[in-house]
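The numbers here are math on the coordinates, done by the rules we state, and not lab data. No experiment lies behind these values; they were computed from the predicted model shown. Note that each Cβ is placed from the backbone with ideal geometry, even for glycine, and that neighbours are counted across all protein chains shown.
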Amino acid sequence: MVRATPVLTVRKVLNITYQSVQETLLGTPETLPTSEPATPQVGYTIASGDLPSFSITPYSKQWLAYIYVAGKFVTAGTLSWRMKKNGSSVRPGTASVAANTYYTISAFFSNPSVVDVLEIALWSNQTDSNWDYKAYKILFNRPILMNKPRLLLPCNFTGMDNRPVLTLGNPSVQATGVCIPYHDNKYLYYNFTSPTNFTSLYAGSTYGFMILQYGDYSKANDATANTHASYRPYYVRNAVPTQIVMRGVQVD
């Protein structure tokens, strides 16, 4: 009997560089309309320069777009919004906002492509509500690093960070999502936000070997609204890998 011996690739180091977040704080807040506007107040067209870059080109991956919008309600009321992609509705939403309170929408667009136009339209049932802040960031998701060597032995997340980091206005983080490992398209019921080592992970064709919580595991093509008396933006972000060290198992 011949015992098969796995043949491992050389040690590979994937460094991920994320582009700077795009932030805008208006000098003068804009009043929200009382019905859905024909032209959304916030829109971004995904450009290749917005995408993370890699020291080793992954075999495949997906993108996640994070868009933030924030403003203030003077009179208590209901904030409404609609997420759009290339002019088509993705998801509407509403939230109650107390008087003299800031709101922040954290919107997550799943698996967009370069040249896609992502927009958010806002309106209020009060005449004295406004918006004055927007931001945009692209993260990466569901990676498959190599084609045939889908089994990574080991797969070590040696660098982790929390993105995006917003700086304009008076920002504060409401929640940070986790990184979730997958093995052969199966959720391992484990998550992490700091450097973590795995003995092995198999990158399945659907989920790769990792997905992000916000924008994929939860709130895919959806948004969350948070309110605060003083923080604006008061936002949701996610832990993301900045370096992965691995070896692949060679197959015929």
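Just to confirm the filter: which trypsin sites (Lys or Arg not before Pro) across the stretch 1-99 are DSSP coil and have at most 12 other Cβ within 10 angstrom of their Cβ?
Answer in residue order: Arg3, Arg11.
Give me Ile67, Ile105 ranked fewest to most by other Cβ atoms within 10 Å of their Cβ, as a rough exposure proxy.
Details: Ile67 22, Ile105 26.
Lowest count first: Ile67, Ile105.
Between their Cα atoms, which of Lys72/Lys137; Lys12/Lys137; Lys12/Lys85; Lys72/Lys186; Lys85/Lys186 are more than 32 Å away from each other?
Correct reply: Lys12/Lys85; Lys72/Lys186.
Put a dot 7 Å past each Cα toward the Cβ at Ser88 and Val74; how far apart are the dots in nm?
Placing both labels 7 Å beyond Cα along the Cβ direction yields 4.0 nm.
Rank Ala135, Ala70, Ala38 by mean-square fluctuation in a GNM of the chain with C-alpha springs under 10 angstrom and give only the top-ranked residue.
It is Ala38.
Expected output is a single nm value to one decimal: the length gained when fully extending between Ile56 and Gln19, i.e. 0.36 nm times separation in residues minus the C-alpha distance. What is it? Please list the in-between numbers first.
On the way: separation 37, 0.36 × 37 = 13.32 nm, distance 1.66 nm.
Computed gain between Ile56 and Gln19 is 11.7 nm.
Within a Cβ distance under 11 Å of Pro52, other residues only, what is the Lys/Arg minus Asp/Glu net charge?
With Lys, Arg at +1 and Asp, Glu at -1, the net is +2.
Calculated from the structure, P(r) over Cα pairs in 10 Å bins from 0, in percent equals which of (1) 6, 27, 33, 21, 10, 2, 0; (2) 7, 30, 36, 22, 4, 0; (3) 7, 30, 30, 18, 10, 4, 1, 0, 0?
Step by step, P(r) over Cα pairs in 10 Å bins from 0, in percent for this structure corresponds to label (3).
With a cap of 15 neighbouring Cβ atoms within 10 Å, and only residues DSSP puts in a loop, list the chymotrypsin sites (Phe, Trp or Tyr not before Pro) found in the stretch 1-67. Working shown, then result.
Values: sites: Tyr18, Tyr44, Phe54, Tyr59, Trp63, Tyr66; in loops: Tyr18, Tyr59.
Answer in residue order: Tyr59.
Compute a Gaussian network model of the chain, connecting alpha carbons closer than 10 Å, and tell me which residue from Asn197, Asn111, Asn130 fluctuates the most.
So, out of Asn197, Asn111, Asn130, the one fluctuating most is Asn197.
Can you list the HN-Hα couplings for the stretch 120-131, worked out from phi with the Karplus curve (6.51, -1.76, 1.60; θ = phi - 60°), rounded to whole Hz and with x for Gly and Pro?
Along the stretch 120-131, the couplings run 9, 9, 10, 7, 9, 8, 10, 8, 10, 8, 8, 9 Hz.
Alpha carbon centre of the stretch 144-194 versus the stretch 41-81: separation in Å?
So the two Cα centres are separated by 18 Å.
Between Asp184 and Ala220, what's the calculated FRET efficiency when r is the beta-carbon distance and R0 is 22 Å? Round to 0.05.
Values: r = 21 Å, r/R0 = 0.96.
Result of the calculation: an efficiency of 0.55.
Which of the chymotrypsin sites (Phe, Trp or Tyr not before Pro) across the stretch 166-252 are loop residues per DSSP, with 15 or fewer other Cβ within 10 Å?
Those that pass, being in a loop and sparsely packed, are Tyr189, Tyr190.
Count the net charge of all other residues whose Cβ sits under 12 Å from the Cβ of Ser89, scoring Lys and Arg as +1 and Asp and Glu as -1. Don't skip to the answer; put the middle values down first.
Details: positive: Arg82, Lys84, Lys85, Arg91; negative: Glu36, Glu119.
Combined, the nearby Lys, Arg, Asp and Glu give +2.
At 0.36 nm per residue, minus the direct Cα-Cα distance, what do Thr176 and Asn191 gain on full extension? Give it in nm, one decimal, please.
4.2 nm
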